[in-house]
1. Of all residues being among the acidic types (Asp, Glu) and over 29 Å from Ala135 (Cα atoms) in the stretch 323-370, which is farthest from the ligand (Cβ to nearest atom)? Just the residue, please.
2. Just to be sure, is Gly203 in contact with a Lys or Arg (Cβ under 7 Å, 6 or more places away or on another chain) and modelled with pLDDT of 95 or more?
3. What number of residues in the stretch 124-133 are surrounded by 22 or more Cβ atoms within 10 Å (Cβ to Cβ) and within 14 Å of Pro178 (Cα to Cα)?
4. Quick check on the stretch 136-152: of everything there that is touching a residue at least 60 places away in the same chain (Cβ under 8 Å) and surrounded by 19 or more Cβ atoms within 10 Å (Cβ to Cβ), which residue is farthest from Leu93 (Cα to Cα)?
5. Quick one: which residue in Gly129, Gly95 is modelled with pLDDT of 95 or more, within 16 Å of the ligand (Cβ to nearest atom) and under 19 Å from the mean Cα position of the chain (by Cα)?
6. Give the number of residues within the stretch 99-115 that are away from the ligand (no atom under 16 Å from the Cβ) and either in the same structural domain as Leu156 (by TED's automatic domain parsing) or among the aliphatic types (A, V, I, L, M) (or both).
7. Looking at the stretch 144-190, what strands (runs of 3 or more DSSP E) fall wholly within it and have at least 2 residues that are out of contact with any Gly (no Cβ under 9 Å at 6 or more places or on another chain)?
8. Taking only pairs six or more apart or across chains, which ones have beta-carbon atoms under 7 Å, a first residue in the stretch 284-309 that is on the phi > 0 side of the Ramachandran plot, and a second residue that is among the acidic types (Asp, Glu)?
Amino acid sequence: MDLSLTKEQEQFAQTFEKFCQEQIAPRAQDMDRSGELSQDNWRALVEMGFLGLHYPESVGGVGADWVMCAMAEESLAKACASTFLSAGASSGLCGGPIFHFGSDAQKKRWLTPLIQGDIVGCFGLTEPGAGTDAASIQTRAKKAGDKFVLNGEKALITNAPIADVACVMAVTDPDAGPGGVTCFVVDLSKKGVTKTAAYRKMGLRGSPTGGLVFEDVELSADDVVGTEGAGFMQAMMTLESGRIGMSHFGIGIAEAAMEASMRYAMEREAFGKPIAKKQAVHFKIADMKIEIDAARLMARRVAWLKATDQPCSDLASVSKLYATEMAVRVTDLAVQIHGGWGYTDDYIVDRLYRDARLGPIGEGTSEIQRELIARALLDGGQDVAST
Ligand SMILES: Cc1cc2nc3c(=O)[nH]c(=O)nc-3n(C[C@H](O)[C@H](O)[C@H](O)COP(=O)(O)OP(=O)(O)OC[C@H]3O[C@@H](n4cnc5c(N)ncnc54)[C@H](O)[C@@H]3O)c2cc1C
C-alpha cells in the first residue's frame, strides 16, 4: 500500500483546506443556529467543483482521484458537517445511482445539473417503518401499462425539504424480495408528491432532513434507473460509497474538535496557568491525535484500494465504524476541555459534539457495520439485506 501523496494531491489538499476554512467554516455556526443550509456555502461548493469531484469531465465533473476526494471531504466536514452532509446526499447519494446505472438522458437531465449545483437531490430509501431492514420497504410502484404509479412514504431523508429530484427505492414486484425493488428518478415537482416539514434535529441542523409522501405519482419507464428489480443492489452499492464518505465526515469533525481544543487550552487559564500546561489536558489532546490518525490511516487504505480497483467493502465498514465512533469520543473530550463553555454555543465544540452523533447511525448503523465485518470474516463477505 502506497500512502504517499503526489505533488498535485498535496497542492489540491492544501488549496481545498484553505478554501473550506475561509469560505465555508465561517457560516457553520449560523447555519446551526438558523437551521438552514447557507446558499452562500452551496455556491462556494459549486465554485470549488466539490459537487463534481467524484465524476468525470464527460458529465460535468472534476475527475479527482479517490485520495483527493478523501482529503477534500475531510476538509469540508471539518469546516461544516451540515454542508458536507447535504452536498453528499445531493451529488453522491442521488447522483451516484444515476451515474453508475442511469441512461444518458437521465445523466443529462439530472446528473449534470446536480453536479453543477443548479438543482438539489436526495436519496429515498428509509421509511417510517423500515430503516436498517431496508428490504422491508413498503413504497410501491405499480405497473399500469407502460407507466408506474408510485405510492408510499420516505422518512429521514437528507435534503428532502429543499430537493428538486430524488432517487427513490420502491417495490415493483412484491413477491421477489430484495430483487423486487426498483430505483426511480423522481421529479419532486410532480403531482402527488408532498414534502413533509423538516425535522428538528439534535445536530446537523444546517442540513434539512424531511419526509416525502407519494400519492399516485405517475412515473414512466424512462424514470427507472438501470433495470427493474436492480434497485436494492444499486442502493447497497451507493451506501458503500456513502460509508466511505462517512469516515471522512467523522475524521473532519474530530480534527475540528482537536484544533478547537488546542486553541482553547492555550488561551484558558486556571490556577494561574493555561490549562494546556496540565497533564490531564495533554492526555486528552494526545488521545485525540492518536484516534484521528488511526481513523485517517484506515480511510486512506480504503481510498487506495478504491483507486487501485480492489474490493474494499468490509474495510469500508471497518473505517466507517471506527471513524464515526471515534468522532463521538473525540468531540466528547473536546467539550470536556472547554468545561462549561463547551456546553454553550459560544464555542463550536457543542455543535461538533451534536453533529458527530449522526455518524454511528447514518448510512448503516454501527451495529450493522459490526455484522458486515463479522460476516466478511466468518463467511467470506455475504451481503446482508440491510443498510
Ligand atoms: C440526519 C439523518 C439523515 C438521514 N439521511 C437519509 C437519507 O438521505 N436517505 C435515507 O434513505 N435515509 C436517511 N437517514 C436514515 C438512516 O439511514 C436510518 O436512520 C438508519 O439506517 C437506521 O434506520 P432506523 O432509524 O429506522 O433505525 P432502526 O433500523 O429501527 O434501528 C434501531 C436500532 O436497532 C438496531 N438494529 C436494527 N436491526 C439490527 C440488526 N439486524 N442487528 C443489530 N442491530 C439492529 C440499529 O442498529 C439501531 O441501533 C437519515 C437519518 C438521519 C438521522
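1. Here is the first cut: in the stretch 323-370, the residues among the acidic types (Asp, Glu) are 325, 332, 345-346, 350, 355, 363, 367.
Still in the list and also over 29 Å from Ala135 (Cα atoms): 332, 345-346, 350.
Values: Asp332: 19, Asp345: 19, Asp346: 25, Asp350: 17 Å.
Restricting to residues being among the acidic types (Asp, Glu) and over 29 Å from Ala135 (Cα atoms), the top hit is Asp346.
2. On the way: in contact with a Lys or Arg (Cβ under 7 Å, 6 or more places away or on another chain): yes; modelled with pLDDT of 95 or more: yes.
So Gly203 fits the description; yes.
3. Residues meeting the conditions: 1.
4. We begin by selecting, within the stretch 136-152, every residue touching a residue at least 60 places away in the same chain (Cβ under 8 Å); these are 139, 141, 146-152.
The next check asks that each one be surrounded by 19 or more Cβ atoms within 10 Å (Cβ to Cβ); those that pass are 139, 141, 148, 150, 152.
Working: Thr139: 19, Ala141: 20, Phe148: 23, Leu150: 20, Gly152: 20 Å.
Taking the candidates together, the pick is Phe148.
5. Gly95
6. Within the stretch 99-115, residues that are away from the ligand (no atom under 16 Å from the Cβ) and either in the same structural domain as Leu156 (by TED's automatic domain parsing) or among the aliphatic types (A, V, I, L, M) (or both) number 3.
7. Numbers: elements: 147-158, 165-171, 181-187.
Qualifying strands (runs of 3 or more DSSP E): 147-158.
8. Correct list of pairs: empty, since none qualify.
The values are calculated or read from the model by the stated rules, or taken from the named source; none is laboratory data. Here the structure is a predicted model, which is why all the values come from computation and not from measurement. Glycine gets a Cβ as well: all are built from the backbone with ideal geometry, and neighbour counts include every protein chain shown.
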